[in-house]
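See structure below.
The values are calculated or read from the model by the stated rules, or taken from the named source; none is laboratory data. Everything quoted here is computed from the prediction, not taken from an experiment. Heads up, the Cβs are rebuilt from the backbone with ideal geometry, glycines too, and the neighbour counts pull from every protein chain shown. The accessibility values were calculated without ligands, DNA or RNA, using every heavy atom of the protein model including side chains. Shrake-Rupley method; radii C 1.70, N 1.55, O 1.52, S 1.80 Å.
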Amino acid sequence: MGTPSPEVVLVLVVLVGLVGPRATCGQPNFIVILADDVGWGDLGANWAETKETPHLDELAAEGTRFVDFHSAASTCSPSRASLLTGRLGARNGVTHNFAVTSVGGLPLNETTLAEVLREAGYSTGAIGKWHLGHHGHHHPSFRGFDYYFGIPYSHDMGCTDTPGYNLPPCPPCPHHGTAARIRRKDCYPEVALPLFENITIIQQPVNLSSLAARYAEVAARFIQQASHSGHPFFLYLALAHMHVPLGVPSLPTPRGIYGAGLREMDALVGQIKKVADSHGKGKTLLWFTGSGAFPIHTELVGCRMLSSLSFPLTGGSSAKQTTWEGGHRVPALVYWPGHIPARRTSPALLSTLDIFPTLVALAGAVLPPNRRFDGLDVSPVLFGWSDVGHKVLLHPNSGAAGKDGEIETLRLAQYKAFYTTGGAVACDGSVGPAEHHQPPLIFNLDPDIQEQEPLDVASREYQAVLPTISRVYTQALEDISTDNISVADYSKDPSATPCCNRQHLACRCQVPLSQAAPLDPGTEKRAPWLC
């Protein structure tokens with residue numbers, strides 16, 4: 001068995017000028033677009049029936065769609081860390097989410113995809129949600145990105161003047177005075193949500209109503225400038241969609257608020273594709289995926305995801321943070337006209353972990369030494385030469401049950417084994433108890449994608465597959481324990497909170513864009529201004 005591979009993340013990757021069946025000269029450009037809280041049941045399971053996504057439908061028709069694609073973790077920070085390092089949280093140290101007051105972030109001894117590609121001559125940019133540390137050298141401007149524009153964590157981790165739809169609803173930021181606001185569960189009343197350009201906070205609180213349009217504008221400018229520079233580029237676009245709070249829709253849709261959010265996300269993706277194609281159609285490879293399932297807010301979205309609901313005693317749930325298929329299986333497609341086959345559907349078992357080694361290989365660069373990777377170079381699958389992906393895929397605990405980051409679920413071909421289940425909220429509002437299983441629960445996903453009926457322990461099928469599962473599980477844990485493992489700093493300090501105006505209760509300010517020019521790769525970088 002090769003290096004075991006972890007669970008996959010939801011991401012959109014655009015590779016411009018990739019090397020493929022009709023090889024182009026020079027290094028390819030890459031654009032990675034990661035949709036937040038978009039799972040298989042949110043979009044992928046009924047792609048053709050999703051009326052709000054004509055641009056994604058077009059990408060699927062002109063490219064290859066992957067129907068067994070997974071996020072490397074089913075929560076925010078770990079999924080992003082794994083995408084940008086090709087390594088599970090058990091190796092890279094990021095096992096749960098970072099906070100507004102976090103001092104640390106993705107360990108500095110971990111090498112990001114941006115650092116590898118910049119060393120190979122790429123211009124690198126990150127737009128959107130970061131959530132891998134914002135204090136000091138954990139900021140994206142110090143993690144290999146020449147340019148950054150976005151929010152340092154999830155957009156529900158600070159108050160705004162346009163709160164949008166969330167459950168429970170959160171109040172807007174205060175404008176005057178220092179009176180304490182009404183505290184509500186899961187709301188951040190003290191500090192406004194900041195918008196960064198490079199290391200400068202240019203707006204606090206950010207205007208969520210115009211954020212998608214700003215992301216599209218900044219992304220288009222980055223692609224245009226990078227294309228004219230003569231250097232290849234890598235753009236990592238981590239969308240706010242479909243994480244709550246959801247925006248206020250300008251036009252009604254059949255699926256209400258959630259459908260309007262999908263439509264806005266789809267339009268943004270369409271704009272990026274149009275800009276990339278305008279600089280040479282066939283030079284851009286686009287890979288779209290998500291970071292995991294939408295949370296259980298039935299009032300906003302209904303309950304239509306992969307569910308395991310007929311198996312409630314083990315805590316079956318379609319929610320994010322679980323290791324059920326509904327938590328980490330995500331939609332994914334790759335578009336690169338002339339290189340990636342069109343109208344193709346691949347059943348290969350793939351993960352967001354594969355983005356790092358695949359892009360490194362296509363760029364002609366080399367993987368960082370002295371560490372092992374969970375991702376694979378899956379370029380043969382992208383080009384249609386093979387449908388062979390991971391033989392074994394590991395799914396880390398992501399907040400529902402078990403210790404965060406530990407590997408207690410794994411996939412072997414069509415079989416999936418659980419050593420721990422439960423702890424998450426199901427669609428009906430029930431919470432399954434956390435349970436440990438020895439021997440493990442085993443499902444055959446071919447006839448049972450919803451994980452409703454585990455194999456009978458006494459059955460011939462269970463007894464036939466259990467020895468192989470036990471062996472590869474032991475090998476995987478040993479491989480991780482003997483690797484070069486990093487440890488993330490999860491300590492907190494209020495002084496690490498991003499704040500551009502300490503005189504105001506909510507750190508309210510706005511800086512003209514002209515004062516926040518893009519960083520030149522050669523210029524000295526300073527620490528961000530913090531409270």
HN-Hα J in Hz across segment 125-133 - Karplus 6.51, -1.76, 1.60, θ = phi - 60°, x for Gly and Pro:
x, 10, 10, x, 6, 9, 6, 10, x
Per residue, accessible area of segment 402-465 with a 1.4 Å probe, heavy atoms of protein chains only, in Å², comes to 48
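Using a 1.4 Å probe on the protein heavy atoms, what percent of the accessible area of segment 364-410 belongs to carbon and sulfur? Please report the intermediate quantities before stating the final value.
Working: 1020 of 1960 Å².
Carbon-and-sulfur percentage of accessible area, whole number: 52.
Can you pull the percent of segment 428-501's accessible area that's carbon plus sulfur, 1.4 Å probe, other chains left in place?
On the way: 2170 of 4200 Å².
C and S fraction of accessible area: 52 percent.
How do 466-475, 235-244 rank on mean C-beta neighbours within 10 Å, highest first? Walk me through the intermediate numbers first.
Working: 466-475: 14.9, 235-244: 26.4.
Final packing ranking: 235-244, 466-475.
If packing is taken as the mean number of other Cβ atoms within 10 Å per residue, what is the order of 358-369, 109-120, 477-488, highest first? Provide the component values of the computation, followed by the final result.
Working: 358-369: 18.1, 109-120: 20.4, 477-488: 15.5.
Result, highest mean first: 109-120, 358-369, 477-488.
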Using the structure shown, list the pairs from K320/K391; K129/K273; K129/K320; K51/K391; K51/K274; K51/K273 with a Cα-Cα distance above 26 Å, or answer none.
K51/K391
Between segment 355-390 and segment 115-161, how far is it from one alpha carbon centroid to the other, in angstrom?
23
Which order do peptides 445-451, 139-145 fall in by mean Cβ count within 10 Å, highest first?
139-145, 445-451
Before anything else, pin down the relative contact order of segment 38-175: Cα pairs under 8 Å, at least 6 apart, normalised by residue count, whole percent.
16
